[in-house]
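Laboratory data are not the source of any read-out in this text; all were calculated from the coordinates shown. This is a predicted model, so every value here is computed, not measured. Neighbour counts run over all protein chains shown; Cβ positions are idealised from the backbone, glycine included.
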Amino acid sequence: MYMELLSALVALIVVSKREFSDVYARLVGSESMNIAAEMQWRLMPPTTYADGRVALSAVMEPAFEISGDAYDYATDGPRVRLSIFDAMGHDTAAGLTANLALGACRNARHQGADLVRTGERVDEVLIEQFQGARYATAILADLDARRGELSWVNCGHHPPLIIRGGRWTTHLRCPPALPLGMGLGVEATLCREKLQPGDRVVLYTDGITEARRPGGREFGLTLFTDFLIRHHADGLPVPETLRRLIRAVMAHHDGHLQDDATVLFCEWLGPQPGPTDQAAALMGLPSAGP
């Protein structure tokens, strides 16, 4: 027990110090990070989070060369805000587009904007900056963790997935609006889905499903969903499932991705706050129990 508590304390110290110390970045960096990745990782929230109602985990690859992908989440009482962005291009300008979209999304959220208005605000900011030359696809979502109601808008992005019962998946269909930054004034449709306890909502970018062997087939949506279901049944912590997913995608692509690959998982545990040990187990974290 004491070793688990000590490891949790050390992890807390590392996370708290990394924001203002270059020592950590030098120690963990196995290779040089490009400028776009440097910018984006500074804006990303932690890759794991859990409380009594939800457990979240995210992964972005290639971690040191990411350019146009970004994800975000935040809690607001019982509400959980989720977003994922995929900006056009694979360069520093794509990173700037994704970062600006993420910042505009947070700004609108902090001002109390709903999902539709948030999308409009991001669109306006990108138009103001790039005059229509740059855009980003996105999913913007809210989860009411007390009722298990998921609301979202699709801005030209791949539809979210739900893994239900660890046995099957469903695609959350919603009429897609245009990507953010095109400025054509097409209002997004707000869609809703009632979740069941244990449902896993999966947001992802096309670098996952469109990873292709040289001269071969794509990793594809079928292989992606089959992989998630198989490893869900293994009872592995969510971060470990995502780590294995990225390894599989990289192996499919002979170790080198041509596009950014990002996944954001959100598992709804149920309407009543559960024991923290349950959330900790999902994240692979040590329990603070006796």
Quiz item: So for the pair HIS171, GLU38, with labels modelled 7 Å out along Cα→Cβ, what separation do we get in nm?
Solution: 4.0
Exercise. Provide, in order from the shortest bin, the percent of all Cα-Cα pairs of region 31-283 in each 10 Å bin, continuing until the bin that contains the maximum pair distance.
Key: 7, 32, 38, 20, 2
Self-check item: Nitroxide proxy distance, nm - points 7 Å out along Cα→Cβ at GLN272 and ALA113
Solution: 3.9
Self-check item: Packing-based exposure ordering (other Cβ within 10 Å, fewest first) of VAL263, VAL59, VAL125
Solution: VAL125, VAL59, VAL263
Quiz prompt | Rough spin-label spacing in nm, given labels placed 7 Å along Cα→Cβ, for ARG192 and LEU6 | solution = 5.2
Quiz prompt | Rounded to the nearest 20 debye, dipole of region 88-145 from Cβ charges on Lys, Arg, Asp, Glu | solution = 120
